[in-house]
Amino acid sequence: MAGARGPNAAGRASKTRIIRAASGLVERLGHRSVSIKQVAHEANLTDAGVLHHFPTRENLLTGVLDARDADDDAAFRSGSSIDGFLQLMRANMSRPNIVRLFATMSAEATAVDNPVHEEFVSRYARAATELAADIRARQESGEFRADCDPLALAQLVIAAADGLQVQWLYDESVAVPDILAIVPLLLRTGAQR
């Protein structure tokens, strides 16, 4: 039994090292400058070792975003509430290269033949569903007005966040979290304002 767990544990450890190395490189250099060879060197693996876990560079960069999402969800519960989502936007203002990676990959993944297209389809659907659940619960509790479709509102918040972050990449004076903080204020019922 220990022998069966050994390779899996070693594989998970290698994958974690690869993601840490790639994340650090992306944060320092930007995603366009990061190569499989650099990641392999930083992770103390061969190129083939990296490619074993991440068959394409797109898969590797998506792995960086997935790891960031997992860390953010643990820290902010960013996927499950508008409040967490706003905390995530504040955190993103300290990591422009990760925001740039996400903006670039999400735009490129709109092409159906992109290797991570389906992953981004799932990512956006999951985010919208989770935010809609938070909005719906707040509508049912009377905190948010009930005359708006929760899923449409969630999609609007996500679209606004994506667009504002792109604007911020051009002009750091764009106060993404402050602008998005207007959304809950607009949704509050008269008694809550």
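The values are calculated or read from the model by the stated rules, or taken from the named source; none is laboratory data. Since the model is a prediction, treat every value here as computed from it, not as a measurement. Here the Cβ is made from the backbone with ideal geometry for all residues, glycine too, and neighbour counts use every protein chain on show.
Structure notes:
- Total residues in the range 11-33, condition among the β-branched types (Val, Ile, Thr) and either farther than 13 Å from Leu45 by Cα or outside the structural domain of Asn44 (by TED's automatic domain parsing) (or both): 1
- Beta carbons closer than 6 Å, at least 6 apart along the sequence or on distinct chains, pair a first residue in the range 45-57 that is closer than 16 Å to Ala67 by Cβ with a second that is surrounded by 17 or more Cβ atoms within 10 Å (Cβ to Cβ) for Val50/Ile18; Val50/Ile36; Val50/Val39; Val50/Ala40; His53/Lys15; His53/Ile18; Phe54/Leu60; Phe54/Gly63.
To keep it simple, each residue is scored yes or no on (1) modelled with pLDDT under 90; (2) under 23 Å from Arg17 (Cα atoms).
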residue	(1), (2)
Ala75	yes, yes
Gly84	yes, no
Ala109	no, no
Val112	no, no
His117	no, no
Ser122	no, no
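- Every residue from the range 177-190 that is assigned to a loop (DSSP other than H, G, I, E, B) and either closer than 27 Å to Pro96 by Cβ or touching a Cys at 6+ places or on another chain (Cβ under 6 Å) (or both): Ala181
- Subset tally (residues that are in a helix (DSSP H, G or I), surrounded by 15 or more Cβ atoms within 10 Å (Cβ to Cβ) and hydrophobic (A, V, I, L, M, F, W, C)) for the range 113-146: 7
- Any hit, the range 147-163, residues being touching a residue at least 40 places away in the same chain (Cβ under 8 Å), over 14 Å from the mean Cα position of the chain (by Cα) and surrounded by fewer than 16 Cβ atoms within 10 Å (Cβ to Cβ): no
- Residue satisfying condition, being assigned to a loop (DSSP other than H, G, I, E, B), within 22 Å of the chain's Cα centre (by Cα) and within 18 Å of Met89 (Cα to Cα), within set Val174, Val166: Val174
- Filtered residues of the range 43-73 (kept if surrounded by 18 or more Cβ atoms within 10 Å (Cβ to Cβ), more than 28 Å from Asp113 (Cβ to Cβ) and either at pLDDT 95 or above or not assigned by TED's automatic domain parsing to the domain that holds Leu186 (or both)): Ala43, Leu45
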